[in-house]
Amino acid sequence: QVQLVESGGGLVQAGGSLRLSCAASLNIFSINTMGWYRQAPGKHRELVASITRGGTTNYADSVKGRFTISRDNANNTMYLQMNSLKPEERAVYYCNKLPWYNTWGQGTQVTVSS
């Protein structure tokens, strides 16, 4: 089975930046559209950004202009650069493919103080 490992989260002040990383077993990054998801307290998991194997990106309206998704297919690694973070973006961030596997990694916690 695929294993997904997220890292890079932490505590930042509003307006700060973080760079999240996602590592996966096998070669799913080379053959699938991949995405970053997040789940805030009391809310459903939502798709934040996605990237095709060819590099085409899409973003949720709320993060356009501030977040950048990228991938390294050869190393099965994906990144999410998050700038100008807002307190409401406190959440656990996950990586997965589109459509998602029903098995998720542990996620990485992002906390934004106001």
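The values are calculated or read from the model by the stated rules, or taken from the named source; none is laboratory data. Note that the structure is predicted; figures quoted are calculated from it, not measured. Cβ sites come from the backbone with ideal geometry, for glycine too, and all protein chains shown count toward neighbours.
Against the test of being at pLDDT 95 or above and out of contact with any helix residue (DSSP H, G or I) (no Cβ under 9 Å at 6 or more places or on another chain), the options A14, A40, A91 yield a single qualifying residue, A91. Cβ-Cβ distances below 6 Å connect the following pairs, each with a first residue in segment 55-70 that is of a type in the set (F, W, Y), a second residue that is modelled with pLDDT of 95 or more and assigned to a strand (DSSP E or B), and a separation of six or more residues or different chains: Y59/A49; F67/A49; F67/M82.
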